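The values are calculated or read from the model by the stated rules, or taken from the named source; none is laboratory data. Everything quoted here is computed from the prediction, not taken from an experiment. Every residue, glycine among them, receives a Cβ derived from its backbone with ideal geometry; neighbour counts consider all protein chains shown. Just so you know, the surface numbers come from the protein's heavy atoms only, side chains and all, with ligands and any DNA or RNA stripped out. Shrake-Rupley method; radii C 1.70, N 1.55, O 1.52, S 1.80 Å.
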Amino acid sequence: MHRHLVARNPFELHVVSNADSVDGSLVHTPLRLPCLIQRLRKSRFGPRLAAWIADYENFIWPLTANEALEQAVRRFQPHIVLTLAECGLCHVARKTAQRHRLPLAALFLDWFPMTKGHYGHKSTRGILSRRYRELYAACDLAFCTSDGMQEMLGPHPNSHIIYPMPGKYRLPVENSLPRSNGKFRLVYVGAVENFYGRMLCSLMEKIEATTDLEIIVVGPNADWPKQILERARASGTYLGFKPPGEAAEVLASADALLVVMSFEKEHELFMRTSFTTKFLDYVAFGKPVILWGPEYCTPVRVARKHGGAAVVSSSDADAVVALCREIAANSELSKKLSQEAMQLHQTLFNPDRLQDVFVQKITELVDGRN
């Protein structure tokens with residue numbers, strides 16, 4: 001949302017959120033939980049009550065009136081309410097739009113009802129998913145992050161697919177990570193925890209045993225086994241967090257770039273509906289992209305249809321190693337994948353095209369109401 005609304009600044013904006021802080025340049029009305037709930041959250045009992053507090057945010061809080069929000073609407077007099085579809089605050093937005101007879105638009109970026117940190121007790125996930133679908137049906141305008149998300153949510157008279165807006169990387173002119181070892185370099189930049197970490201660890205161990213390949217991983221807060229983490233740091237395989245400029249230099253040094261999507265059954269719904277921003281970030285570099293994920297995940301479906309990445313749809317890390325070697329040995333294949341990546345960046349994943357759809361559909365909705 002920041003890339004659509006703040007970085008490109010297409011509309012006059014008033015942000016209403018429960019965030020502790022926002023961009024200082026934005027007009028912002030903070031929404032606060034009742035003092036008792038806030039104190040409990042910050043107390044020593046907070047971790048034990050976290051699920052109950054999340055349930056309160058998702059089910060009770062949206063039903064309560066908020067005078068600060070009402071005053072903000074009366075002062076700002078918006079033409080539309082735009083919300084991120086999640087579990088709690090989006091329902092505050094929905095009720096606000098209904099009360100003030102304003103059109104409601106929402107971005108459906110992830111299936112948050114099944115995502116840890118967004119639900120309280122696991123038993124509520126089914127109810128939250130049902131409400132997620134109800135919000136979709138109630139929207140005057142819906143933006144889905146992928147074909148899979150749109151299919152899962154079902155028919156809607158004004159639903160549009162907008163892939164995640166890629167970040168703005170300044171492509172380095174010179175390679176700041178030169179190599180003297182002659183190895184084929186695979187680079188991954190992104191989340192390195194949970195299922196991402198498990199996949200990366202399995203691949204790192206395979207590549208570590210080779211003499212012709214290397215992998216560089218960039219990302220914060222690796223939760224890997226201690227021995228693997230220490231070895232990866234010592235060898236220069238794991239570089240930790242890098243700001244965008246430095247991450248771009250690592251990406252530019254690659255022979256191929258790696259996207260990972262989980263094969264684990266418990267994450268299947270997430271994989272079917274979400275779309276990793278890294279795929280869009282990577283293609284701007286015009287490098288071969290290796291997409292390691294199941295056939296049912298949306299990025300793989302896009303790559304099968306439009307090109308832009310070589311797909312490994314087996315969970316076996318050896319298949320990724322084999323593909324790296326194939327690209328290293330076949331300059332024509334490497335060139336083809338590089339050209340496909342750049343073509344995808346200039347067409348389907350073009351950030352200007354994505355922004356145009358976003359702005360155009362909101363403008364059409366508002367103009368149609370006037």
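Evaluated against (1) open to solvent by 10 Å² or more (accessible area, probe 1.4 Å); (2) free of Cβ contacts under 8 Å to residues at least 40 places away in the same chain; (3) within 16 Å of A309 (Cβ to Cβ), S235 falls short on exactly one condition, (3). Looking at the structure I just gave you, is R94 closer than 22 Å to Y163 by Cα, touching a Leu at 6+ places or on another chain (Cβ under 7 Å) and open to solvent by 40 Å² or more (accessible area, probe 1.4 Å)? No, not satisfied. Criterion first (under 23 Å from F108 (Cα atoms) and either among the aromatic types (F, W, Y) or in a strand (DSSP E or B) (or both)) does V6 satisfy it? Here the answer is no, as V6 does not meet what is asked.
Looking at the range 4-51, which of its residues are in contact with a Pro (Cβ under 8 Å, 6 or more places away or on another chain) and of a type outside the set (A, V, I, L, M)? H4, H14, S17, N18, listed by residue number. Taking residues in the range 265-286 that are more than 18 Å from G307 (Cα to Cα), and partners anywhere that are among the aliphatic types (A, V, I, L, M) and in a helix (DSSP H, G or I), the pairs with Cβ atoms closer than 8 Å and at least 6 places apart or on different chains are L269/M114; L269/M152; F270/M114; R272/M152; T273/M149; T273/M152; S274/M149.
Number of residues in the range 290-340 that are under 24 Å from the mean Cα position of the chain (by Cα) and not β-branched (V, I, T): the value is 24.
If you go through the range 193-220 and keep only what is open to solvent by 70 Å² or more (accessible area, probe 1.4 Å) and under 24 Å from A252 (Cβ atoms), you end up with just E208. Checking each residue of the range 338-358 against the condition of being part of a helix (DSSP H, G or I) and within 19 Å of V217 (Cβ to Cβ) gives no match. When the residues of the range 9-45 are filtered to those that are in contact with a helix residue (DSSP H, G or I) (Cβ under 7 Å, 6 or more places away or on another chain) and assigned to a helix (DSSP H, G or I), the one that is most open to solvent (accessible area, probe 1.4 Å) is R41.
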